[in-house]
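Inspection log for the structure reproduced underneath, given as structure tokens.
None of the figures in this text is laboratory data; all of them are computed from the coordinates on show. Quantities reported herein were computed from a predicted structural model and do not represent experimental measurements. When we count neighbours, we look across all protein chains shown, and the Cβ atoms used for this are built from the backbone with ideal geometry, even at glycine.
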Amino acid sequence: MDAPRKRSIQISLPATGEDEWQAVREPLLSGWLTQGPKVAEFERRFAQRHGVPHALATTSCTTALHLILAGLGVGPGDEVIVPAFSWIATANVVVYCGATPVFADVRRDTYNVDPQDVARRITPRTKAVVAVHLFGLCADMDALRDVLPKGVHLIEDAACAAGASWNGVAAGGLGDAAAFSFHPRKSITTGEGGMVTTRDASLAQTMDQMRNHGASISEEQRHLGPRPYLLPEFNLLGYNYRMTDLQGAVGLVQLQKLDTYIAGRDHMARRYEEAFAGTPWLRMPRRPTGGSHAWQAFVTYMEPEQAPLARNDLMEQLQARGIATRPGTHAIHMLGYYRDRFGLAVDDYPGARDCDRNTLAIPLHNRMSADDIEYVIDSVKDIASCAASSG
Ligand SMILES: Cc1ncc(COP(=O)(O)O)c(C=O)c1O
């Protein structure tokens, strides 16, 4: 008898292939490789899909977030409130600007920032709040707006939230500006890449200049316009945060698949929810009541008092069966740089601390089969029941 095939189920796998391969031919053959017509078209369609007038492609979500803060004039002396449980880039961009990141705690049920804790941390120096739509679930934007004084900017870190919505409004149009990621762990990818969206025309104009070294006119205006002697003026400090047209071409193809990908992930998420309905120690991720989840990841919460084994033991045993898992993300205040520089202690943010210790992302991506999902479910249940009977 044949030995059973060794399984290898990744935590995430980008769904790219022949369409994306074909898409890069045109820019490669035309020779227009840096930001150009493909990026412009990707931006136009991304803005349309997310219901906003302006979208600007960047090299990553990190640079998109930096661009937003720089465009808003965040600098030394300013404070920016960020969730204590997120990818480290959410806080790093505040430091890039010379401003101070002020952490706010997160809720254990949504993993998103707690508006009441944000309210407690507002000072006269607070210039902005970055609300992260973690794993594809939008933060409670209405409650956040309610607690923010006028003049404090509300920014969306929508790295995980392309295609998500909150009370009928798409992510990207819920705050003053938003930043998306197209890293391969996100539901649509351009390899690396990001996008800024905003409804504010003047901020969009500033950010457009800043992502291209601060130049007052674009490369297209220079190279394709009627005045070959044109050189840009540089009146503000800029960066090179331009996306390439190769990435723009891939992004266009991926964007067309976004809704199908989310629907596929939602279907798999429902199967997990159904299968683990009778497993109270493994709490399922929260679904939004008046919106849609983008399912960048399927992040469960292991109740430490009730679980038959420790989270890391479960992760190791799943790994031995060929199933990759990950902790949800980091409690940033527990990471060396922030802990040491700002004198933070683990218990300062108990919600973030517990999410760091107890969250467990199980595989969810568009290259998983129904059989893969069943294998994950059976493996989790089998390992838990062995642990319960031996413990
Ligand atoms: C919440 C959050 N913010 C920002 C980022 C940074 O995205 P990028 O890798 O595109 O810079 C990530 C990436 O994982 C993220 O999850």
> For Asn235 and His223 in the same chain, what is the full-extension length gain: residue separation times 0.36 nm, less their Cα-Cα distance, in nm?
Replying inline: 2.2 nm
> Taking H as built 1.01 Å from N, whose amide H comes closer than 5 Å to the amide H of Ala177, not counting residues under 5 places away?
Replying inline: Glu156
> Once you put a point 7 Å from the Cα of Ser30 and another 7 Å from the Cα of Arg367, both along the Cβ direction, what distance in nm separates them?
Replying inline: 2.9
>> If you take every DSSP beta bridge fully contained in the chain, what fraction is antiparallel? Give it as a percent rounded to 5.
In response: 60
>> Suppose each label sits 7 Å from its Cα in the direction of the beta carbon; what would the Ala201-Val95 distance come out to in nanometres?
In response: 3.9
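Find the percent of Cα-Cα distances in the range 18-256 that exceed 27 Å, and round it to a whole number. Walk me through the intermediate numbers first.
Values: 9301 of 28441 pairs.
Considering the range 18-256, 33 percent of its Cα-Cα pairs are separated by more than 27 Å.
Quote to one decimal, in nm, the extra length available between Tyr337 and Asn167 on full extension: 0.36 nm per residue of separation minus the C-alpha distance between them.
Gain on stretching Tyr337 to Asn167: 57.5 nm.
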> Which parts of the range 193-219 would a label at Leu258 reach, counting a residue when its backbone N lies under 16 Å from a point 7 Å out along Cα-to-Cβ?
Replying inline: 193-199
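What value, in deg cm²/dmol to 500, does the helix sum -39500 (n - 2.57) over DSSP H runs of n ≥ 4 give at 222 nm once divided by the residues of the chain?
Values: 14 runs with 151 residues, N = 391.
Estimated from H runs of four or more residues: -11500 deg cm²/dmol.
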> Separation of the range 366-391 and the range 94-171 by C-alpha centroid, Å?
Replying inline: 35
>> Please check: in the Gaussian network model of the chain (C-alpha springs, under 10 Å), which one of Leu29, Leu154, Leu237 has the largest mean-square fluctuation.
In response: Leu29
> For Ser8 and Asp266 in one chain, what is 0.36 nm times their gap in residues minus the Cα-Cα distance, to one decimal in nm?
Replying inline: 90.7 nm
> Once the dipole of the chain is set up with Lys and Arg at +1 and Asp and Glu at -1 on Cβ about the Cα centre, which of Leu309, Ala119, Pro53 lies farthest towards its positive end?
Replying inline: Pro53
>> Just to be sure I follow the definition: excluding the sites themselves, where is the longest run in the chain that has none of the GluC sites (Glu not before Pro) in a DSSP loop with at most 15 other Cβ atoms within 10 Å?
In response: 1-232
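Which of the trypsin sites (Lys or Arg not before Pro) across the range 138-207 are loop residues per DSSP, with 13 or fewer other Cβ within 10 Å?
Qualifying residues, ordered by number: Lys150.
What is the fewest-to-most order of Tyr337, Tyr229 by other Cβ atoms lying within 10 Å of their Cβ? Provide the component values of the computation, followed by the final result.
Numbers: Tyr337 12, Tyr229 5.
So the ranking, lowest neighbour count to highest, is Tyr229, Tyr337.
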> So what are the ³J(HN,Hα) numbers for the range 212-218, from phi and the Karplus equation (6.51, -1.76, 1.60; θ = phi - 60°), rounded to whole Hz, Gly and Pro as x?
Replying inline: 10, 6, x, 5, 6, 10, 7
> Long-range amide H contacts for His153: which residues qualify at under 5 Å (H placed 1.01 Å from N, peptide plane, sequence gap of 5 or more or a different chain)?
Replying inline: Ala128, Val129
>> If I model a spin label as a point 7 Å beyond the Cα along the Cα-Cβ vector, how far apart are those points for Gln306 and Ala387 in nm?
In response: 1.4
